[in-house]
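Single-structure report; data block below.
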Amino acid sequence: MNREEAISKLKDIVKPYVKDQEAFEKLNESTDFINDLKINSANLVDIVLDVEEAFGIEIDNVSMEKMTSVDAALEIIDTKLAEK
Amino acid sequence: MIKDEIISKLPYSKPFLFVDEIVRIDENGVEGTFFFDENLDFYKGHFKENPVTPGVILTETMAQIGLVCLGIFLLDDQFNSETVIGLTSTEMEFLKPVSPNEKVTVISEKVYFRFGKLKCKVAMKNERGEEVCSGTIAGMIV
């Protein structure tokens, strides 16, 4: 999977939880889920679970805590996919 | 025994404790009851001259039985008096009113328990077995 595909998949996943639509339109690798998209931190758990399902990976506690931005999420997805 | 222990660990007391009994509990869900005594304070004002259990109280009852009791069971030794929990979301539908002196049963089914967050599908039934409200509730350790 290339990076554009991964970003597009990730965009679909976060969409239902986004509170700032303008920031969502401009989503890029440096977008922060909480500070930019204004996502409720409790919903990061739902996003992580949806990422697990969409990419067929399992995310551990340490990775979960790091997954607060698009680039962090992409990096974790890459690492977990490589481990498979 | 375990059921009474869970109730004793609940971080609520009267007049804001809405759990009487846990009927069944396991890692996938919980079922419990509460009796809405007509002397509960909120009936004096909701509504004037026409006491009906407020939807927020039904939601709270579902959260205490369906989410907090199950959460304490799942956390087991990790839950103590220092554990701080918070409600994170509720999505509820109300189908029938609940009158004073009605006993309700809450049935909760775990959707997931991951990264300290518990999400459940919850339904409340009256003594006639009719569903009075249902929805999804989530909370987490904060």
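Cα convex hull of chain A: how many Å³ per residue? Intermediate results must be reported in sequence, preceding the final value.
Working: hull volume 6.7 nm³, N = 84.
In chain A, the Cα hull volume divided by residue count equals 80 Å³.
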Dipole of the range B:35-79 [Lys/Arg +1, Asp/Glu -1 at C-beta], most positive-end residue of B:Met62, B:Gly45, B:Ile72:
B:Gly45
From the phi of every residue in the range A:33-47, what ³J(HN,Hα) in whole Hz does the Karplus formula 6.51 cos²θ - 1.76 cosθ + 1.60 yield, where θ is phi - 60° and glycine or proline is x?
4, 8, 5, 8, 7, 6, 6, 4, 4, 5, 7, 4, 4, 5, 5
Overall dimensions of the range B:3-141 by Cα: Rg and Dmax, Å:
14.5, 46
Hydrodynamic calc, the range B:17-62: Kirkwood Rh from Cα pairs, then Stokes-Einstein at 10 °C with viscosity 1.306 mPa s, so D in µm² s⁻¹ is 132
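Remind me, relative contact order of the range A:3-83 in percent, using alpha carbon pairs under 8 angstrom and six or more residues apart? Show your work: numbers first, answer last.
Details: 72 pairs, mean separation 26.5, N = 81.
Relative contact order, the range A:3-83: 33 percent.
Under unit Cβ charges (Lys, Arg +1; Asp, Glu -1), what dipole magnitude, rounded to 20 debye, does the protein assembly as shown have relative to its Cα centre? Display every interim value, and only then the final one.
Details: 25 positive and 42 negative charges, 94 e Å.
Computed charge dipole of the protein assembly as shown: roughly 460 debye.
Quick one: putting +1 on the C-beta of Lys and Arg, -1 on the C-beta of Asp and Glu, what dipole do you get for chain B around its Cα centre, in Debye to the nearest 20? Working shown, then result.
Details: 15 positive and 22 negative charges, 68 e Å.
For this selection, approximately 320 debye.
With viscosity set to 1.002 mPa s and temperature to 20 °C, compute the Stokes-Einstein D of the range B:40-110, Rh being the Kirkwood radius across alpha carbon pairs; µm²/s, no decimals. Provide the component values of the computation, followed by the final result.
Numbers: Rh = 14.1 Å.
Translational D for this selection: 152 µm²/s.
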Rounded to whole Å², per residue accessible area for the protein assembly as shown with a 1.4 Å probe reads 55
To the nearest 20 debye, what is the magnitude of the charge dipole of chain A about its Cα centre, counting +1 on the Cβ of each Lys and Arg and -1 on the Cβ of each Asp and Glu?
140
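Let's test the formula: R0 of 41 Å, r as the Cβ-Cβ distance of B:Asp41 and A:Ser8. What FRET efficiency results, to the nearest 0.05? Spell out each step's value before the answer.
On the way: r = 53 Å, r/R0 = 1.30.
Efficiency, rounded to the nearest 0.05: 0.15.
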For chain A, the charge dipole (Cβ of Lys, Arg +1; Cβ of Asp, Glu -1; about the Cα centre) points to a positive end, and the Cα of A:Ile34, A:Val48, A:Ile76 closest to that extreme belongs to A:Ile34
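Given a cut-off of under 8 Å on Cα pairs at least six residues apart, what relative contact order in percent is computed for chain B?
On the way: 279 pairs, mean separation 36.7, N = 142.
Worked out over chain B, it gives 26 percent.
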Tell me the Rg and the Dmax, in Å, that the Cα atoms of the protein assembly as shown produce.
20.6, 66
Between B:Asn50 and B:Val84, what is the FRET efficiency for a Förster distance of 41 Å, r being their Cβ-Cβ separation, to the nearest 0.05?
0.65
Buried solvent-accessible surface, both chains (A, B), 1.4 Å probe, Å² to nearest 100:
700
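With the cut-off at 25 Å, tell me which of the pairs A:Lys11/A:Lys66; A:Lys38/B:Lys125; B:Lys3/B:Lys121; A:Lys19/B:Lys119 have Cα atoms farther apart than that. Don't jump to the answer; show the numbers that get you there.
Details: A:Lys11/A:Lys66 18 Å; A:Lys38/B:Lys125 37 Å; B:Lys3/B:Lys121 20 Å; A:Lys19/B:Lys119 21 Å.
Pairs exceeding 25 Å: A:Lys38/B:Lys125.
What is the local net charge at B:Pro15, summed over the other residues whose Cβ is closer than 11 Å to its Cβ (Lys, Arg +1; Asp, Glu -1)? All intermediate terms of the calculation are to be shown ahead of the outcome.
Working: positive: B:Lys14; negative: B:Asp37, B:Asp41.
After counting each charged neighbour, the total is -1.
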Keeping the other protein chains in place, figure out the carbon and sulfur percent of the accessible area of the protein assembly as shown, with a 1.4 Å probe.
48
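The values are calculated or read from the model by the stated rules, or taken from the named source; none is laboratory data. None of these values were measured; they are calculated from a predicted model. Note that each Cβ is placed from the backbone with ideal geometry, even for glycine, and that neighbours are counted across all protein chains shown. Note: areas computed on protein heavy atoms with side chains; ligands, DNA, RNA excluded. Shrake-Rupley method; radii C 1.70, N 1.55, O 1.52, S 1.80 Å.
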